[in-house]
Amino acid sequence: MDVIAEGDPGFKRTKGLMNRNATLSQVLREAKEKEEIWTSNEVTMETDKKTHYGLLFDEFQGLSHLEALEMLSRESEIKVKSILNSLSGEELETLKLELEHLKEAFSLAEFCEEEEEEIKGKKYCPRMDQDVSDQAISRE
């Protein structure tokens, strides 16, 4: 039989737990409260992160930058169309091929799937697709 002496390691900790006179239900209640506090903090941190990006977007005039990028995109598309209209023959075919490779390289799979879903939702018009592919104009 072992006897616990006051000099034994861990005795002070055990004695502190015994002096506390905590019942199992009190310990469980405290643990539950700690867990609820922790989960509520996690939820608030996640919502803070979400609102944080929206605030940054507003703070740095994200909408105006987005509109400027859309304008640049339209201008570039007009320039490409004018160049395509000025070319003919073999030069036109090689340029169309290069543009198609660039389009594939910069397209994202997510957006392609969304475009396919939009196309499925609209009335299909094969003649329009043929005309568009002949002119090398992207569908929007």
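Every read-out reported here was derived from the displayed coordinates using simple, explicitly stated rules and does not represent laboratory data. Everything quoted here is computed from the prediction, not taken from an experiment. Here Cβ is always computed from backbone atoms with ideal geometry, including for glycine, and neighbour counts include all displayed protein chains.
Quickly work out the residue 61-to-residue 48 label distance, labels modelled 7 Å from Cα along the C-beta direction, and quote it in nm with one decimal.
The answer from the label model is 3.0 nm.
Can you figure out the FRET efficiency of residue 79 with residue 108, using R₀ = 30 Å and their beta-carbon distance, to the nearest 0.05?
Numbers: r = 23 Å, r/R0 = 0.77.
My answer for the efficiency is 0.80.
With the crude spin-label approximation of a point 7 Å out along Cα→Cβ, what separation in nm comes out for residue 40 versus residue 98?
Rounded to a tenth, the inter-label distance reads 6.3 nm.
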